[in-house]
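Just below is one structure, and these are the notes that go with it.
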Amino acid sequence: MPIPVSLQDAKRQLRVDDNEQDDEIQGFIKDAAAWIEEYTGHILVARDVVEQFDNFGRLRLRAWPIKPNATVGIGYTPNTGAATNLYGARIVSTSHRPALVSPAAGSRWPSAATGVTVLVRAGYEDDDAVPGNFRRAMLVLIGAYDADREGGEVLQAAEATARKLCRYFRLRQL
């Protein structure tokens, strides 16, 4: 599935008709998508995401959205020092952020472990499900990347606008 802003969308935004800058514009699209994902935690194109935790405290995932039936992979290092996988972990809540990871029903997290890694599929499976504000923010950023290649005031203003467009989708705290 493609990123929610196509090359044609970006070229319309930049008022470019030829194909000479296509590679550069594709780079702008990728950079704008990465900015949205970093700022909001929303994954624009569904993929496997890895999140790291120090230990088995409350495993709250930053990545969003996550399907209710998502499969979760857990890896950790017990005090013995040998990397171990844990099976049966599940997502407790996908109706609101952050999604919480819980051990298998009737079990507990290992008590002495560090370096916990969680692997889960997150993101929008369908372009139509991506919030329109993300698409608008991407177009604003793409325009600024083209107009202000040195990262000056135009880019700063575009990032401020993108933050305003995306602020309600951002995870406030973990």
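The values are calculated or read from the model by the stated rules, or taken from the named source; none is laboratory data. Bear in mind the structure is a predicted one, so any value in this text is a computation, not a measurement. All Cβ positions, even for glycine, are placed from backbone atoms using ideal geometry, and neighbour counts span all protein chains on display. SASA here: full protein model, heavy atoms, side chains in, ligands and nucleic acids out. Shrake-Rupley method; radii C 1.70, N 1.55, O 1.52, S 1.80 Å.
Miscellaneous remarks
- Selection status of G81, under 26 Å from V5 (Cβ atoms), open to solvent by 20 Å² or more (accessible area, probe 1.4 Å) and at pLDDT below 85: no
- Among the residues of the range 144-168, just one is in a helix (DSSP H, G or I), among the small types (G, A, S), more than 22 Å from the chain's Cα centre (by Cα) and closer than 16 Å to W35 by Cα, namely A157.
- Restricting the range 39-75 to residues that are out of contact with any helix residue (DSSP H, G or I) (no Cβ under 7 Å at 6 or more places or on another chain) and β-branched (V, I, T), the residue that is nearest to V130 (Cα to Cα) is V45.
- Top-ranked residue of the range 91-100 - restricted to ones that are β-branched (V, I, T) and either surrounded by fewer than 13 Cβ atoms within 10 Å (Cβ to Cβ) or in contact with a Leu (Cβ under 8 Å, 6 or more places away or on another chain) (or both), ranked as modelled with the highest pLDDT: I91
- Verdict on E20 being surrounded by fewer than 16 Cβ atoms within 10 Å (Cβ to Cβ), in a loop (DSSP other than H, G, I, E, B), without any contact (Cβ under 8 Å) to a residue 40 or more places away in the chain and among the charged types (D, E, K, R): yes
- Checking F53, F28 one by one, the residue that is of a type outside the set (A, V, I, L, M), open to solvent by less than 70 Å² (accessible area, probe 1.4 Å) and at pLDDT 95 or above is F28 and no other.
- Within the range 138-154, being open to solvent by 30 Å² or more (accessible area, probe 1.4 Å) and under 16 Å from G27 (Cα atoms) holds for V140, Y145, D146, A147, R149, E150, G151.
- Any chance A144 is in contact with a Leu (Cβ under 6 Å, 6 or more places away or on another chain) and hydrophobic (A, V, I, L, M, F, W, C): yes
- Residue match in the range 113-129 (condition: in a loop (DSSP other than H, G, I, E, B) and either of a type in the set (A, V, I, L, M, F, W, C) or within 15 Å of G41 (Cα to Cα) (or both)): yes
- Among the residues of the range 61-90, those identified as part of a strand (DSSP E or B), in contact with a Leu (Cβ under 9 Å, 6 or more places away or on another chain) and more than 17 Å from I43 (Cα to Cα) are G73, I74, G75, Y76.
- Of all residues in the range 25-41, exactly one satisfies the criterion of being among the acidic types (D, E) and in contact (Cβ under 8 Å) with a residue 24 or more places away in the chain, namely D31.
- Count - residues of the range 101-137 that are among the hydrophobic types (A, V, I, L, M, F, W, C), open to solvent by less than 20 Å² (accessible area, probe 1.4 Å) and out of contact with any Cys (no Cβ under 8 Å at 6 or more places or on another chain): 7
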